[in-house]
Amino acid sequence: MTTPRLEIDLGKVRHNATMLVERLAGRGIAVTGVTKATLGAPELARELLAAGVSRLGDSHIEGIEGLRRAGVSAPMTLLRTPMISQVKRVVAHADVSLNTERATLEALSVAAGEQGTSHGVVLMVELGDLREGIMATDLVDAARMVVGLPSLELVGIGTNLACQSGVVPDVANMAELSVLAETAEAALGVRLAVVSGGNSANLGWALGGGDPGRVNDLRLGEAILLGCEPLHRQPVEGLRTDAFVLVAEVIESKIKPSQPWGQLGQTAFGDKPRSADRGLICQVILAVGRQDTDTAGLVAPAGITILGASSDHLVVESADGLRDVGSELAFGLDYSSLARAMSSPYVARVWLAPDREGSTTVR
């Protein structure tokens, strides 16, 4: 089988999605299943839908278009504010988009009118993380503008935390979002169908037992795919953390000194690695590198220590002796390494589907 490759266990992905959908349903919160890390892979999307997510979300219209071409007809949300240059594609393929800018909303209105359709809008509110969002004091005016634009429907409001500045979703900022939803409803005389509280970083708050207020949607990607929450990268109870593994092939295996020699400058990527002298070690090189994944986010198997990486080589130390050239090692991934590996044309994807006996088969 070709290397490097991502092996993706769809049964484990469905398990994670099902568990989260069921737990959050008990709190009155629906799940938008996020496909962006897998580039809108229809194999993944179908597992999320089978697990009961209410809709799919992707940050790129290209991902949504790919899902439509694959015959996925579920409701879809564009998670990144649309580019004005793409508004015609957005209204043609996405049911809803997250928005913050007047000019973009006006362009969406025109495009939807030309296509004889209606496009849903969720207005994003800034609650401290300093990524996308309308300031809270401007929300009512923005909502009124959306209501007044033809061919647009104000579906709801939302926020995003933890991505840019690491601001933790908590009782205070989620309560503020609920108050903002009710304020907008009272001012406009409408009922917002969606109050989207955020992403996988919200799970600690959402499952903590407090009042969720008006929040009735979370946009989940990392927790479903990797079984972890993003704030501390800790596993979520009951979820599988091994649905994705990156398999790489050994291309060199030799006894070498643990320390370089000669005058030292920066590495190819500007690093200045230094380590203690451990004498001779079993150094192994694998045919994968920073061009293929975020090597800093790889989780090495037992007995393997990652020493460094260039664009196309991963250098590791093997505590268990030399490895056969041509043999393979499997690494776990964090969200950054997964997203980059899925984006690399040099990394193959192998979708593993569970059969009736519980083992897996290649799809």
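Every number in this text was worked out from the coordinates using simple rules, so none of it is lab data. Owing to the predicted nature of the structure, the values given are computational and were not obtained by experimental measurement. As a convention, Cβ positions derive from the backbone with ideal geometry for all residues, glycine included, and neighbour counts pool all protein chains shown.
Hey, how many Å between the Cα centroid of the stretch 50-121 and the Cα centroid of the stretch 292-338? What the calculation gives is 38 Å, centre to centre.
What the pair-distance distribution of the chain shows, using all Cα-Cα distances binned every 20 Å from zero, is 27, 50, 21, 2 percent. When both bridge partners sit in the chain, DSSP labels roughly 50% of those beta bridges antiparallel. Charge dipole (Cα centre; +1 on Lys/Arg Cβ, -1 on Asp/Glu Cβ; no other charges) of the chain amounts to roughly 420 debye.
When peptides 152-162, 87-97 are ranked by their average number of other Cβ atoms within 10 Å per residue, the highest-first order is 152-162, 87-97.
For a quick protection proxy, order the peptides 73-79, 171-177 by their average other-Cβ count within 10 Å, most packed first.
73-79, 171-177
Of the residues 329, 287, 315, the one whose Cα sits farthest toward the positive end of the charge dipole of the stretch 265-342, with +1 on the Cβ of Lys and Arg and -1 on the Cβ of Asp and Glu, is 315.
Gyration tensor over the Cα atoms of the stretch 258-363: the corresponding equivalent ellipsoid has semi-axes (square roots of 5 times the eigenvalues, largest first) of 30, 18, 11 Å. Relative to the current alpha-carbon distance between residue 346 and residue 27, full extension at 0.36 nm per residue lengthens the span by 110.7 nm.
With viscosity 1.567 mPa s and temperature 4 °C, the Kirkwood radius over alpha carbon pairs of the stretch 46-148 converts through Stokes-Einstein to a diffusion coefficient of 90 µm²/s.
Stretching residue 179 away from residue 322 to a fully extended chain increases their span by 45.4 nm, per 0.36 nm per residue minus the current alpha-carbon distance.
For residue 253, neighbours were defined as the other residues whose beta-carbon sits under 13 Å from its Cβ, and their charges (Lys and Arg +1, Asp and Glu -1) total -3. Gain on full extension, evaluated as 0.36 nm per residue between residue 190 and residue 43 minus their Cα-Cα distance, stands at 49.2 nm.
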